[in-house]
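I have placed the structure first, in the form of structure tokens, so that the comments after it can refer back to it.
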Amino acid sequence: MILLKDKVAIITGANSGVGAAAAKLFASEGAKVVICARRAEPLEVVATEIQAAGGDVLCVPTDISDKASVGALVDKALAAYGKIDILVNNAGVLDSSFAGIAAYDDGELMRMININTMGTMNCIRAAIPHMAAGASIVNINSIGGSKGTAGVTYAASKAAILGVTKQVAMCYAAQKIRCNAICPGGINTPMTGSMDYAKMDMSVMKAIGAHTDSNIPASEPEEVANVALMLACDLSASVTGQVIVADKGGSL
């Protein structure tokens, strides 16, 4: 079964990790994929792999925190393919210190909000006027947003998008445009692999450990991409406004 035949999908943060995995998977399922991230070089590597497998891909370097840059992304997708059926909001950044409420840095909070929160909202705002019945928005979130198991600035930026997910789903349900969120736990990606634990607020890390099962392995990017595919395709046509926790039970 080709689940995304003739669909056009914009995937942000597609230079590595979940975004790259989703881009390759969606292309293999018949979608034309528009991939973006801030740097062009890693995008081109992903695009080459997609093209080698017979996929149709367009690279558009984009800063999702910049409204004009996101507008250009949507314009280029429409110029190339004429429509937008799927938006996967995967781009985001991690809090460098996982600080708690008593010690967070104001600048770090604004960085989280500008990229994780406003960046996602910028993409939805730009893309949704060009979406028709059957379209799907998938927000790659985090258990940091749904369960609070993260630094306070990251948790705040991700929790906000869960509210946005439900609000967009409610407002566009009559138009049959869906919006859902996925909250993975740990994922084996370059971004998580580069975390410097020496800079972490250990009191927060200890609290997180008390509420999660450290014996459960992290997910692979492809596993999260599979959940995104399910929400993007028509098999989940009745699912909207939902937050799916995909952490292998670590936060139960």
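The values are calculated or read from the model by the stated rules, or taken from the named source; none is laboratory data. Keep in mind it's a predicted model, so treat the numbers as computed, not measured. Reconstructed Cβ throughout: ideal geometry from the backbone, glycine too, with neighbour counts over all protein chains shown. Note: areas computed on protein heavy atoms with side chains; ligands, DNA, RNA excluded. Shrake-Rupley method; radii C 1.70, N 1.55, O 1.52, S 1.80 Å.
The table below lists the values:
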read-out	value
Rule-of-thumb Rg ratio for region 88-133 [Cα; 2.2 N^0.38 Å; N residues]	1.48
Region 25-181, accessible surface, carbon-and-sulfur percent (1.4 angstrom probe)	56 percent
Given Lys67/Lys248; Lys5/Lys147; Lys5/Lys76; Lys5/Lys158; Lys158/Lys248, the pairs whose alpha carbons are separated by over 29 Å	Lys67/Lys248; Lys5/Lys147; Lys5/Lys158
Listed peptides 152-165, 52-65 by packing density, highest first (mean Cβ within 10 Å)	152-165, 52-65
Net charge of neighbours whose Cβ lies under 13 Å from the Cβ of Thr62, counting Lys and Arg as +1 and Asp and Glu as -1	+1
D (Stokes-Einstein, µm²/s), Kirkwood Cα radius, the chain, 1.306 mPa s at 10 °C	88 µm²/s
Per-residue ³J(HN,Hα) for region 63-74, Karplus 6.51 cos²θ - 1.76 cosθ + 1.60, θ = phi - 60°, Hz, x for Gly and Pro	9, 5, 7, 10, 4, 5, 5, 5, x, 5, 4, 5
Per residue accessible area in Å² of the chain, where ligands, DNA and RNA are left out and the probe is 1.4 Å	45 Å²
Cut-off under 5 Å, modelled amide H: who pairs with Ile137 long-range	Leu87, Arg178, Cys179, Asn180
For region 37-80, with +1 on Lys and Arg beta carbons and -1 on Asp and Glu, the positive-most of Ala79, Ile64, Val46 along the dipole	Ile64
Shape of region 1-106, Cα gyration tensor, a/c cut at 1.5	prolate
0 to 90° range, to nearest 10: angle between helix 202-211 axis and the chain longest Cα axis	70 degrees
Solvent accessible area, Å² - Lys147, 1.4 Å probe, full protein context	110 Å²
Reference-scaled alpha-carbon Rg (2.2 N^0.38 Å with N residues) for region 99-194	1.17
